[in-house]
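These notes are about the structure you will find just below.
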Amino acid sequence: MTQPRDWEREMADIDRVIEKEGSGAAGQRGSPPQLPAPPPRGPAAPPAEEPRKGAVARAWFWAALALLLAVALPIWPYGKECGLQFFFYLGAAALALLAGLAGALASWGARSALPHVVSLLVVLWSGAMGAREVLPRTGYASQAKTWLCPAAPEPAPPAGETPPPAGTAEPQT
């Protein structure tokens with residue numbers, strides 16, 4: 001077993017250390033010890049700059065533009081299954097994402113919270129809308145889609161006509 005601590009002896013040791021430092025005997029109230037002055041620092045930090053004139057309007061412009069583009073993505077009027085129309089849709093999603101990033105940067109510089117939040121939500125939304133179309137084409141989803149549309153078969157001739165036999169020229173009239 002361990003022996004109990006001798007608190008009187010430990011407190012006496014602490015009192016001796018305090019007396020050596022010159023702050024008076026333990027238990028005496030006196031003036032608080034003088035702390036050395038802190039070393040001088042470098043030049044003071046300049047005050048935070050105020051946003052430039054028109055910065056808040058620019059932030060709201062980018063946030064509103066990005067929001068309009070992001071709202072248009074789910075109501076895209078054209079097909080986006082494959083081919084050129086799909087790539088146009090991806091371009092629109094990327095444009096909405098870039099406008100959201102521009103709005104986030106502009107609102108950060110203007111120190112304007114609401115357009116910053118709107119812009120960040122647009123970035124998330126347009127990224128999700130683009131990923132929703134890209135991931136099935138990369139093999140991530142269970143239903144695979146193609147990037148390009150399959151080639152269309154040649155149209156069949158109209159019902160009343162028979163095509164001329166191969167290798168024969170049509171009569172000239």
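The values are calculated or read from the model by the stated rules, or taken from the named source; none is laboratory data. Bear in mind that the values here come from a model prediction, so they are computed numbers and not experimental data. As a convention, Cβ positions derive from the backbone with ideal geometry for all residues, glycine included, and neighbour counts pool all protein chains shown.
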Handout entry: Subset of segment 128-139 [under 17 Å from the mean Cα position of the chain (by Cα) and either more than 12 Å from Leu90 (Cα to Cα) or buried (at least 16 other Cβ atoms within 10 Å of the Cβ) (or both)]
Key = Met129, Gly130
Exercise for the section: Would you confirm whether any residue within segment 62-74 is at negative phi, of a type outside the set (A, V, I, L, M), modelled with pLDDT of 85 or more and exposed (fewer than 10 other Cβ atoms within 10 Å of the Cβ)? Expected result: yes
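Taking segment 86-138 as the search range and keeping residues that are among the charged types (D, E, K, R) and in contact (Cβ under 8 Å) with a residue 24 or more places away in the chain, which one is farthest from Pro150 (Cα to Cα)? Working first, answer last.
Initial filter on segment 86-138 (among the charged types (D, E, K, R)): 111, 132-133, 137.
When the remaining residues are screened for being in contact (Cβ under 8 Å) with a residue 24 or more places away in the chain, the result is 111, 133.
Working: Arg111: 50, Glu133: 18 Å.
Step by step, filter segment 86-138, then rank; the result is Arg111.
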